[in-house]
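J.: Submitted below is the structure of interest, expressed as structure tokens.
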Number of protein chains: 2
Amino acid sequence: MDELVEMARNVAEAITRRVKREAVSKFGREVAMGADGTPTLYIDRVAEEVAMDIIGKKANILSEEIGFIDNDADYTFIIDPIDGTRNAAHGIPFYCVSIAIGKRDGSTDDVEYGLVKNIPTGDVYEAFKNKGAYLNGEKIRASQDYSDKIFVLTLGKSGNEKTWRKVNLHTIRAMGAAALEMCLVASGAVHAYFMPREILRVTDFAAACLIVREAGGEVYNADGEVLKVPYTLNVRSSVLAVSERKIMEELV
Amino acid sequence: MDELVEMARNVAEAITRRVKREAVSKFGREVAMGADGTPTLYIDRVAEEVAMDIIGKKANILSEEIGFIDNDADYTFIIDPIDGTRNAAHGIPFYCVSIAIGKRDGSTDDVEYGLVKNIPTGDVYEAFKNKGAYLNGEKIRASQDYSDKIFVLTLGKSGNEKTWRKVNLHTIRAMGAAALEMCLVASGAVHAYFMPREILRVTDFAAACLIVREAGGEVYNADGEVLKVPYTLNVRSSVLAVSERKIMEELV
């Protein structure tokens with residue numbers, strides 16, 4: 001496993017270096033149509049290629065654009081090479097690499113290692129199953145401090161007016177990169193991340209789920225059920241990551 | 001003026017270095033009560049001290065915590081040492097230094113140089129009156145591309161439900177640092193920044209106003225009037241920064 005963790009860190013570092021070398025003006029160019037009918041952007045393609053080059057046949061790969069690559073290995077890398085693609089394409093400095101590692105044919109419950117790297121700042125969030133969550137090597141905890149609540153909601157095109165009304169007396173953020181927004185729950189920066197529509201895939205949240213849970217938080221779907229999703233691109237979920245259960249009860 | 005621009009850059013650089021050296025856990029500590037009844041946080045205090053040390057008596061200073069310091073100089077620095085204080089205090093990686101330079105007793109119209117530095121990423125937005133706007137030294141233009149609109153709205157505690165409804169079919173962001181969000185309009189990343197409540201002060205937007213305008217955009221208040229505010233902390237404004245006039249007409 002240590003070797004795989006090292007490989008995950010190398011992938012994140014290599015994608016960051018590669019993305020920073022590219023001209024931002026090219027990020028948003030459409031280079032192909034993905035299997036799910038949404039266009040593949042140049043930045044997604046470039047980042048995915050970097051990941052595949054490094055991982056090779058040493059693990060199976062489940063990635064947003066390319067789907068599942070079965071290398072007959074014990075472990076699978078569940079990857080979103082660029083989470084927050086629209087931010088990256090527009091030049092909003094909030095997007096990341098997301099990498100989870102788990103035994104093949106597992107679910108979010110079986111992820112043993114998760115890494116989310118904020119590309120514009122270089123911050124690295126990591127978690128090891130049953131061994132805690134870390135930001136740049138320092139242990140982090142989801143916040144239990146509710147004097148100044150901040151909620152991260154996905155707004156616009158979302159129809160979650162009901163939720164918005166509920167939290168309207170608190171501070172709201174909408175940053176545009178699910179994995180990284182979930183990590184803000186893990187580090188205690190915000191109290192909830194809520195995407196009420198069923199559009200996120202396991203590649204988006206596998207790493208961040210472990211990071212939130214190892215930091216003492218929990219991850220649900222919009223119905224308040226603890227989130228558990230197998231390693232497949234066929235399932236789309238709503239996601240509600242919270243610092244503690246009572247925040248979920250407030251929002252669902 | 002060249003010497004003052006160099007001084008502004010040094011202030012931004014020194015604040016960035018100082019802030020990065022501090023423990024994030026100390027950022028949010030309240031160290032005093034400001035003149036306006038809102039608490040001064042440790043991070044604001046530290047950043048303001050760095051600015052004052054460098055500027056000394058070479059210019060007048062108008063700053064959020066300390067007010068106006070009249071050094072009988074020709075030029076005034078209009079400074080927000082940390083814009084997005086709550087983000088900084090919580091650990092949301094989106095906050096900045098904002099510095100404008102203009103002749104004393106002027107208004108936002110008379111700003112000759114503006115600088116906004118994103119502290120977590122190091123990105124520097126600058127504008128020189130009648131000479132354009134720049135991101136890390138590269139010329140920037142407000143976006144005229146409307147195929148994929150993104151609006152930055154201040155949500156929560158704001159009551160701007162009406163605006164939210166209007167743009168609900170587009171992508172919405174709420175990042176939490178006015179000066180930096182306005183710069184996203186200038187760089188073409190987003191199409192509007194809207195703070196409909198009258199709470200922002202000239203220290204928040206003096207630099208970003210020039211940056212948006214030099215990038216070809218415009219800055220209004222929530223009534224659709226072109227924004228013009230004197231160098232005083234006594235005036236609080238709504239702010240609507242847009243890539244072009246028709247976006248303002250859509251939102252007001």
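Each value in this text was obtained by applying a stated rule to the coordinates, not by laboratory testing. These figures come from a predicted structure and were not determined experimentally. All Cβ positions, glycine included, derive from the backbone under ideal geometry; neighbour counts span all protein chains shown.
J.: Taking the Cα centre as origin and putting +1 on Lys and Arg beta-carbons and -1 on Asp and Glu beta-carbons, what dipole magnitude results for the stretch B:2-139, to the nearest 20 debye?
T.: Taking the Cα centre of the stretch B:2-139 as origin, the dipole is about 560 debye.
J.: Sort shortest first the distances from B:D105 to its counterpart in every other copy, using label points 7 Å along the Cα-to-beta-carbon line, and give them in nm.
T.: Spelled out, the distances from B:D105's label point are 8.3 nm.
J.: Using the 7 Å Cα-to-Cβ label point, sort the distances from B:R21 to its equivalents in the other copies shortest first and give them in nm to one decimal.
T.: 3.4
J.: Enumerate the calculated ³J(HN,Hα) couplings along the stretch A:24-33 in order (Karplus 6.51 cos²θ - 1.76 cosθ + 1.60, θ = phi - 60°), each rounded to whole Hz, writing x wherever the residue is Gly or Pro.
T.: 4, 4, 8, 3, x, 5, 7, 10, 5, 9
J.: For the protein assembly as shown, what is the percent of antiparallel DSSP beta bridges, rounded to the nearest 5?
T.: So the antiparallel bridges in the protein assembly as shown amount to around 80 percent.
J.: Also, quick follow-up: Could you please rank B:S237, B:S147, A:S107, placing first whichever residue has the fewest other Cβ atoms within 10 Å of its Cβ?
T.: Final ranking by Cβ density, sparse to dense: B:S147, A:S107, B:S237.
J.: With a 10 Å Cβ neighbour count serving as the proxy for reagent exposure, in which order, fewest first, do B:Y113, A:Y42, B:Y193 appear?
T.: Ascending number of Cβ neighbours within 10 Å: A:Y42, B:Y113, B:Y193.
J.: For the stretch A:63-105, I need the span (max minus min coordinate) of the C-alpha atoms along each principal axis, in Å, sorted largest to smallest.
T.: 38, 16, 12
J.: Show log10 I(q)/I(0) for chain A at q = 0.17 Å⁻¹, two decimals, from a solvent-free Debye sum over equal Cα scatterers.
T.: So the normalised log intensities are -1.30.
J.: How far is helix A:202-214 tilted, in degrees, relative to the longest principal axis of the Cα atoms in chain A, given as a value from 0 to 90 rounded to the nearest 10?
T.: 60
J.: Normalised by the number of residues in the stretch A:150-251, what is the relative contact order in percent for Cα pairs under 8 Å and 6+ residues apart?
T.: Reported as a whole number, the value is 30 percent.
J.: Further question: When the Cα centres of the stretch A:61-90 and the stretch B:114-141 are compared, how far apart do they sit, in Å?
T.: Value for the Cα centre distance between the two parts: 34 Å.
J.: While we're looking at this one, here's another question. Which entries in A:K20/B:K228; A:K57/A:K117; A:K26/A:K131 show an alpha-carbon gap greater than 30 Å?
T.: Pairs exceeding 30 Å: A:K20/B:K228; A:K26/A:K131.
J.: Relative to the Cα centre, what is the charge dipole magnitude of the stretch A:200-252, using +1 at the beta carbon of each Lys and Arg, -1 at the beta carbon of each Asp and Glu, and rounding to the nearest 20 debye?
T.: 200
J.: How long are the three semi-axes of the equivalent ellipsoid of the stretch A:193-243, in whole Å, if each is the root of 5 times an eigenvalue of the C-alpha gyration tensor, listed from largest down?
T.: Largest first, the stretch A:193-243 gives 16, 13, 8 Å.
J.: May I ask what percent, to the nearest 5, of DSSP beta bridges between residues of the stretch A:150-251 are antiparallel?
T.: 60
J.: Under 10 °C and 1.306 mPa s, how fast does the stretch A:150-251 diffuse according to Stokes-Einstein, given a Kirkwood radius computed over C-alpha pairs? Answer in µm²/s, whole number.
T.: It comes out at roughly 120 µm²/s.
J.: Determine the calculated [θ] at 222 nm for chain B from helices alone, applying -39500 (n - 2.57) to every DSSP H run no shorter than 4 residues and normalising by the residue count; nearest 500 deg cm²/dmol.
T.: Counting only the DSSP helices, I get -9000 deg cm²/dmol.
J.: Under 13 Å from the Cβ of A:E6, count the other residues' Cβ atoms, weight Lys and Arg +1, Asp and Glu -1, and hand me the total.
T.: Spelling it out: positives minus negatives among the neighbours equals -2.
J.: Jot down the per residue volume, in cubic angstrom and as a whole number, of the convex hull over the alpha-carbon atoms of the stretch B:1-78.
T.: 76
J.: Largest first and in whole Å, give the semi-axes of the protein assembly as shown's equivalent ellipsoid, each being the square root of 5 times a Cα gyration tensor eigenvalue.
T.: They are 39, 23, 22 Å, listed from largest to smallest.
J.: Which angle between 0 and 90 degrees, to the nearest 10, do you get for helix B:42-55 versus the longest principal axis of chain B when only C-alpha atoms count?
T.: On a 0 to 90 degree scale, this one is about 70.
J.: Taking the number of other C-beta atoms within 10 Å as the exposure measure, put A:V124, A:V116 in order starting with the fewest.
T.: Listed from fewest to most nearby Cβ atoms, that is A:V124, A:V116.
J.: Turning to a different aspect of this structure: With +1 on the Cβ of every Lys and Arg and -1 on the Cβ of every Asp and Glu, and nothing else charged, how large is the dipole of chain B about its Cα centre, in debye rounded to the nearest 20?
T.: Roughly 700 debye, rounded to the nearest 20.
J.: Hey, another quick one. Going by the alpha-carbon gyration tensor, a ≥ b ≥ c the square roots of its eigenvalues, is the stretch A:2-139 rounded (a/c under 1.5) or, if a/c is not under 1.5, prolate (a/b greater than b/c) versus oblate?
T.: oblate
J.: Can I ask one more? Calculate how steeply helix A:2-21 sits against the longest principal axis of the alpha-carbon atoms of chain A, using the helix alpha-carbon long axis, and give the answer as 0 to 90 degrees to the nearest 10.
T.: Once rounded, the angle reads 90 degrees.
J.: Additional query: Tell me the distances, shortest first, between B:G56 and the same position across the other copies, using label points 7 Å along Cα→Cβ, in nm to one decimal.
T.: 5.9
J.: Still on this structure: Could you work out the relative contact order of chain A, using alpha carbon pairs under 8 angstrom and six or more residues apart, expressed as a whole percent?
T.: 17
J.: Between rounded, prolate and oblate, where does the stretch A:172-219 land on the alpha carbon gyration tensor, with a ≥ b ≥ c its root eigenvalues, rounded for a/c under 1.5, else prolate if a/b exceeds b/c?
T.: It is oblate, given that a/c is not under 1.5 and a/b is not larger than b/c.
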